[in-house]
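The values are calculated or read from the model by the stated rules, or taken from the named source; none is laboratory data. This structure is a prediction, so every number in the text was calculated from the model and none was measured. Using ideal geometry, Cβ is built from the backbone for each residue, glycine included, and neighbour counts are taken over all protein chains shown.
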Amino acid sequence: MVQAQRGGEPTPTPRPTLPPRLPPAPGTRIPINDNLFITADEKGILYFVDRSGNPVSVISKDMKPPPGNTKPVIPLPQPYRSPVGGAEVRATAASKHSLNIPWGSFTRGFVLLPRDLNSSAGNTASAISWFTHAGFQWDENYVFDSTSEGVSVKPKTPWDSFELLDVQEYWIDHSLGKAAAEWGELVDSGKPYNYNYCDKGTTDAFYCSQLVWREYFDYGVDLDSNYTSLLFCNPQNAVVSPDDIYYSPEIAINWDSRWSMSCTKDDYPWRGEYYSNTSLSGSAYVFCDSTPDRIDFDWGIGVPSGSLPADNFSVRWTRTLYFSAGNYRFHLAGDDGLRLWVDGNLIIDQWHDQSRKEYTADRYLSSGNHDLKVEYYEHEWDASVTLWWEQIQYKVFLPAVLKDSAQDPNMQPLVFPTKPPKVIPTPTRPPYPRP
């Protein structure tokens, strides 16, 4: 293992004097160089502008999502295998979401590469990289990274709600990744954020992916794959973006939220697959969603996530749930298309454009686990979907000839008593006595 030390290429360049935090106040600018600035709109969304205030393109090629498993994979001992996709879902106050990240399976030094378009910082980073952040796993509750607050070990809470997370490690020797993270925490904690993305060589300030790259670089491993080229850098590949780290052959994939996820936590029990079309086809963005006793989302005319459109998307939710024996009424409401399956049986099928409307279906469930599946699509305008259920008691029993498997097999048909036919005896006379 190479002894960690500062120095070597690239040569540090002076860092401009910059405001200490993001985002800037609307109308103000953070300089990147003489001709490029970061500014914010009234909603706090950051973007790049030239000296005249005109929005500018900063990347020299179209960014595309990273392909499937194109480099070594060192899988964790977790049931995450088949690639399917991953995304964050913005829920209503009544609902929640989670990537269901197995933090306990990661150890210090794992490289974390998330995607997040639901924050101003994420939107800014998305202008130069498909992945929008980078950092080190520290332990189950903390990460070591650089944000607008500077370089430090921080609680991992925001990482649970990112749209996607890719976790990697130095596949030759994991102990090097651990040493790199601990070395960085020792010598770089407390340093400010580096807004000059072209200056990856400075050790006075760090942007997120620069921090990860530099700590490895000090141990003789260069994670910059030169995948990203920025028009305002000279040379254009002077930046080291999260995408550059993702495409580096030096580190291998351990876990990715786009892989199959098992949603078993009590507070995130629904497995949600989100599609950028109305046909539930193609690659899905996968999340563990909602609350235990319902599905409840109301996006209005907004988007579920920065990676999904506001219109023409679809979702499939699945889970297994224990029910006590009894008759249940399922309620499914939404705008637009709706379907509900219970144990593989389609009991609500309203797959068409519509304003929000509620449908119900009754079902007898035996004691034990039962599979629920909801499918939903949004065409245009308002988007919402809600599922809930209740146990009910039938007040009138149906005759046995009308019973089916959806009703309690132990229910007895109501038998109406009938009177026997009235028999009127034919009168008879005794023999007339003869005198």
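For the stretch 314-329, state whether one or more residues are outside the structural domain of L99 (by TED's automatic domain parsing), touching a helix residue (DSSP H, G or I) at 6+ places or on another chain (Cβ under 8 Å) and either among the aromatic types (F, W, Y) or surrounded by 13 or more Cβ atoms within 10 Å (Cβ to Cβ) (or both).
No; the residues of the stretch 314-329 include none that is outside the structural domain of L99 (by TED's automatic domain parsing), touching a helix residue (DSSP H, G or I) at 6+ places or on another chain (Cβ under 8 Å) and either among the aromatic types (F, W, Y) or surrounded by 13 or more Cβ atoms within 10 Å (Cβ to Cβ) (or both).
Return yes when L280 is in the same structural domain as W130 (by TED's automatic domain parsing), more than 23 Å from S146 (Cα to Cα) and of a type outside the set (G, A, S) and no when it is not.
no
Of all residues in the stretch 184-199, which are touching a strand residue (DSSP E or B) at 6+ places or on another chain (Cβ under 9 Å) and buried (at least 17 other Cβ atoms within 10 Å of the Cβ)?
Once the filter is applied, which keeps residues that are touching a strand residue (DSSP E or B) at 6+ places or on another chain (Cβ under 9 Å) and buried (at least 17 other Cβ atoms within 10 Å of the Cβ), the stretch 184-199 yields G184, E185, D188, K191, P192, Y193, N194, Y195, N196, Y197, C198.
Within the stretch 150-182, track down each residue that is over 15 Å from V111 (Cβ atoms) and modelled with pLDDT under 90.
The answer is T157, P158, D160, S161, E163.
When you check Y193 against the structure, is it closer than 27 Å to P55 by Cβ and out of contact with any Cys (no Cβ under 7 Å at 6 or more places or on another chain), yes or no?
So Y193 fits the description; yes.
Do we have any residue at all in the stretch 313-321 that's in contact (Cβ under 8 Å) with a residue 40 or more places away in the chain, farther than 18 Å from T278 by Cβ, among the β-branched types (V, I, T) and assigned to a strand (DSSP E or B)?
Our first condition is that a residue be in contact (Cβ under 8 Å) with a residue 40 or more places away in the chain; within the stretch 313-321, this holds for 313-321.
Remaining after also requiring farther than 18 Å from T278 by Cβ: 318-321.
Subsequent filtering for residues that are among the β-branched types (V, I, T) retains 318, 320.
Imposing the further condition that a residue be assigned to a strand (DSSP E or B) reduces the set to 318, 320.
Checking the stretch 313-321: at least one residue is in contact (Cβ under 8 Å) with a residue 40 or more places away in the chain, farther than 18 Å from T278 by Cβ, among the β-branched types (V, I, T) and assigned to a strand (DSSP E or B).
Being buried (at least 24 other Cβ atoms within 10 Å of the Cβ), in the same structural domain as N123 (by TED's automatic domain parsing) and closer than 25 Å to D256 by Cβ narrows it down to one residue among S146, S225; which is it?
Going through S146, S225 in turn, just one is buried (at least 24 other Cβ atoms within 10 Å of the Cβ), in the same structural domain as N123 (by TED's automatic domain parsing) and closer than 25 Å to D256 by Cβ: S146.
Could you list, in sequence order, all residues of the stretch 367-384 that are closer than 22 Å to T278 by Cβ and assigned to a strand (DSSP E or B)?
Hits for the stretch 367-384 are L372, K373, V374, E375, Y376, Y377, E378, A383, S384.
When you look at L387, is it surrounded by fewer than 18 Cβ atoms within 10 Å (Cβ to Cβ), assigned to a strand (DSSP E or B) and hydrophobic (A, V, I, L, M, F, W, C), yes or no?
No, not satisfied.
Would you pick out the residues in the stretch 269-304 that are modelled with pLDDT under 80 and surrounded by 23 or more Cβ atoms within 10 Å (Cβ to Cβ)?
Result: Y285, V286, F287, C288, D289, S290, P304.
Any residue at all in the stretch 291-298 that's more than 30 Å from D224 (Cβ to Cβ) and hydroxyl-bearing (S, T, Y)? Break it down stepwise before answering.
If we filter the stretch 291-298 for residues that are more than 30 Å from D224 (Cβ to Cβ), which is where we start, we get 291-298.
Now drop any that are not hydroxyl-bearing (S, T, Y), which leaves 291.
Yes: one or more hits.
Residues being at pLDDT 50 or above and more than 20 Å from K154 (Cβ to Cβ): count how many of those fall in the stretch 79-104.
Number of matching residues: 3.
Scanning for something outside the structural domain of F162 (by TED's automatic domain parsing), within 30 Å of W130 (Cα to Cα) and at pLDDT 95 or above, does the stretch 355-375 turn up at least one residue?
Scanning the stretch 355-375, I find at least one residue that is outside the structural domain of F162 (by TED's automatic domain parsing), within 30 Å of W130 (Cα to Cα) and at pLDDT 95 or above, so the answer is yes.
Would you check which residues across the stretch 112-160 are of a type in the set (F, W, Y) and either under 23 Å from A179 (Cβ atoms) or not in a loop (DSSP other than H, G, I, E, B) (or both) and list them?
As a first pass, look at the stretch 112-160 and keep what is of a type in the set (F, W, Y): 130-131, 136, 138, 142, 144, 159.
Answer for the stretch 112-160, where residues must be of a type in the set (F, W, Y) and either under 23 Å from A179 (Cβ atoms) or not in a loop (DSSP other than H, G, I, E, B) (or both): F136, W138, Y142, F144, W159.
Given the criterion modelled with pLDDT under 90, within 17 Å of A252 (Cα to Cα) and either more than 15 Å from the chain's Cα centre (by Cα) or crowded, with 22+ Cβ neighbours inside 10 Å (or both), identify the matching residue among T107, T124.
T107
Looking only at the stretch 214-247, which residues are of a type in the set (S, T, Y) and in contact with a helix residue (DSSP H, G or I) (Cβ under 9 Å, 6 or more places away or on another chain)?
Initially, the stretch 214-247 is screened for residues of a type in the set (S, T, Y), giving 216, 219, 225, 227-229, 241, 246-247.
Once the filter is applied, which keeps residues that are of a type in the set (S, T, Y) and in contact with a helix residue (DSSP H, G or I) (Cβ under 9 Å, 6 or more places away or on another chain), the stretch 214-247 yields Y216, Y219, S225, Y227, T228, S241.
Need the failing condition index for C288 against (1) assigned by TED's automatic domain parsing to the domain that holds A333; (2) among the hydrophobic types (A, V, I, L, M, F, W, C); (3) touching a helix residue (DSSP H, G or I) at 6+ places or on another chain (Cβ under 7 Å), just the number.
(3)
Let me spell it out: the conditions are (1) free of Cβ contacts under 8 Å to residues at least 40 places away in the same chain; (2) closer than 19 Å to L280 by Cα, and S355 meets all of them except one. Which number is the exception?
(2)
Taking only pairs six or more apart or across chains, which ones have beta-carbon atoms under 6 Å, a first residue in the stretch 153-173 that is of a type in the set (F, W, Y), and a second residue that is surrounded by fewer than 23 Cβ atoms within 10 Å (Cβ to Cβ)?
Hits for this filter: Y170/L176; W171/P72; W171/I74; W171/A252.
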